[in-house]
């Protein structure tokens, strides 16, 4: 007994020591930049050693994301914030990234604009030379101003799937809507857009700092709701009444949910009629929200700040892409003096996490210094303003109708919109787009699939085309992964993965007509094409069903169980890769039922031998519903 007691005590001690060590590691990483905390433990250790062995400084940077419905006045709002004219504003096509044209005083929140900085520089008659680059870098990077960057997102739904790639958890969001729109009208008007953006931003939620009690009940990233066009109501003395209506509608749409805690302020403004004083109030709200972000004033090596500042200068001079060898040469500048290639890779990964560069270790000779350059490349391929009078009308028609892109069409679209700078880098740009699942390599040599450009089709139409209702089409029940919210890009990532794994089914009389549609895709999972996997998506559900066209009774064996395990692993990998804070519940539905309605949880099915199905007005055996997807040894 004493021996057993001793072993037990020793085991408890080991567990306690392991817990203490884990907590110590957690506490050690608490004060580190958020981007670093996401790295593996050995990289975190490397960064901590850098902090201990080199001079450090606080880094102040904020990104302002302007999102909302098309024609809500987002671009005009940005222009007014930057004290620029709105006379020539046109519709945003994709995403516009404003090169930092202002800085924020970290002490009083006031903004200094580029033209003010130039005026001050002229008054002081400052002169720059190659010999004082270190002084200039230090002054730019370490003065009392935070760098401020703006991203203006297009409001057309066609761009939403790619938007999610560029959203950041360390940003202040301005959700913009026209004051005249009805927030509660989810489908016909803007309500769906506002709720969509709150949901999308909520996916990026981070733990907010609790230092300021004023913000202790809020969640990051912060949202400032901006209603434009208030002059229309001021003229009729109806503004206050309209404010009350909108705030009641906001409460109805968002109140009671955690996503409402992102909201910091509701602002009413006129891009046309309001004075600069009104926009100054909004600037100060942005400054206040930025100062509470977890990455505000994060401490990093001084030489990293100087290198980041030098990269900004290089970017301003028009250099969009660089190789790792060039980066190593730049980092050897005597004022920066980074000689270790491993440190450069760690720095670039941190910059990638921060959204300042696009960097993949598998592509060391293609480091994108300017994310806007990649945005422009995406815009070339998916803009809804592309003129189809080009040299490849057949390829272009196929792209618009099926989402399939040939290499020659990619080159043509790059050239059409921008010229040589993209077409010369086509191969590398396509590889980066593959990394983000914007493009997926097709089995057909020389072509790609763009998931966000897949055509729409109804479930009834696709069912008819594949013989879904025929007597020889045997079906499993539906496996449903039900989410609180699904970003539009999520299905694209799932489909990109399945395209690499299985062949898409052919439908119709043309041999190259593929069962790939927006929200509905069908794949052949065996060489006979008799077993097909249907993957569908609704607003909050990804559902899978296995179809068998064999003449014999369907025998799935472990096939369904393996498919379930694989999709769960992939979904977990997607959420981890994009830092999305979203969860799902595993649910089931009878084989002829609507996968998006009245689904049953595994726990409910396990507790019932049978249940009444209101859709079919009959009783189903519970095991018939969940057993195809589970073996007897599976645990959920």
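The values are calculated or read from the model by the stated rules, or taken from the named source; none is laboratory data. Predicted model only: the values in this text are computed from it and were never measured. Positions of Cβ are generated from backbone atoms using ideal geometry, with glycine treated the same way; all protein chains shown enter the neighbour counts.
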- Residue list for region 437-489, restricted to those being part of a loop (DSSP other than H, G, I, E, B), closer than 22 Å to residue 531 by Cα and over 28 Å from the mean Cα position of the chain (by Cα): 444, 467, 468, 469, 470, 471, 472, 473, 476, 477
- Message: If a residue must be out of contact with any helix residue (DSSP H, G or I) (no Cβ under 6 Å at 6 or more places or on another chain), surrounded by fewer than 17 Cβ atoms within 10 Å (Cβ to Cβ) and in contact (Cβ under 8 Å) with a residue 12 or more places away in the chain, how many such residues does region 250-271 contain?
- Response: 3
- Item | Scan of region 553-572 for residues that are on the phi < 0 side of the Ramachandran plot and surrounded by fewer than 15 Cβ atoms within 10 Å (Cβ to Cβ), ordered by number | 553, 555, 558, 562, 565, 566, 569, 572
- Query: Given the conditions (1) touching a helix residue (DSSP H, G or I) at 6+ places or on another chain (Cβ under 8 Å); (2) surrounded by 14 or more Cβ atoms within 10 Å (Cβ to Cβ), and given that residue 575 satisfies all but one, which numbered condition is not satisfied?
  - Reply: (1)
- residue 448 vs. criteria in contact with a strand residue (DSSP E or B) (Cβ under 8 Å, 6 or more places away or on another chain) and not assigned by TED's automatic domain parsing to the domain that holds residue 592: yes
- Message: With the condition being modelled with pLDDT under 85 and closer than 15 Å to residue 70 by Cα, I'd like the helices (runs of 4 or more DSSP H) fully within region 148-234 carrying at least 2 qualifying residues.
- Response: 160-166, 191-202
- Note on the structure: Across (1) touching a residue at least 12 places away in the same chain (Cβ under 8 Å); (2) more than 18 Å from residue 485 (Cα to Cα); (3) in a loop (DSSP other than H, G, I, E, B), residue 557 clears everything bar (1)
- Task: Report, by residue number, each residue of region 590-610 that is in contact with a strand residue (DSSP E or B) (Cβ under 6 Å, 6 or more places away or on another chain) and either free of Cβ contacts under 8 Å to residues at least 12 places away in the same chain or over 18 Å from residue 484 (Cα atoms) (or both).
- Result: 590, 591, 610
- Task: Go through region 52-65 residue by residue and tally those that are buried (at least 17 other Cβ atoms within 10 Å of the Cβ) and assigned to a helix (DSSP H, G or I).
- Result: 0
- Residue that is modelled with the highest pLDDT [pool: residues in region 322-338 that are buried (at least 19 other Cβ atoms within 10 Å of the Cβ) and in contact with a strand residue (DSSP E or B) (Cβ under 8 Å, 6 or more places away or on another chain)]: 327
- region 450-474 residues that are on the phi > 0 side of the Ramachandran plot, paired with ones that are surrounded by fewer than 16 Cβ atoms within 10 Å (Cβ to Cβ) and in a loop (DSSP other than H, G, I, E, B) (beta carbon under 9 Å, 6 or more apart): 467/473
- Could you please let me know if residue 547 is within 25 Å of residue 449 (Cβ to Cβ), touching a residue at least 12 places away in the same chain (Cβ under 8 Å) and in a strand (DSSP E or B)? yes
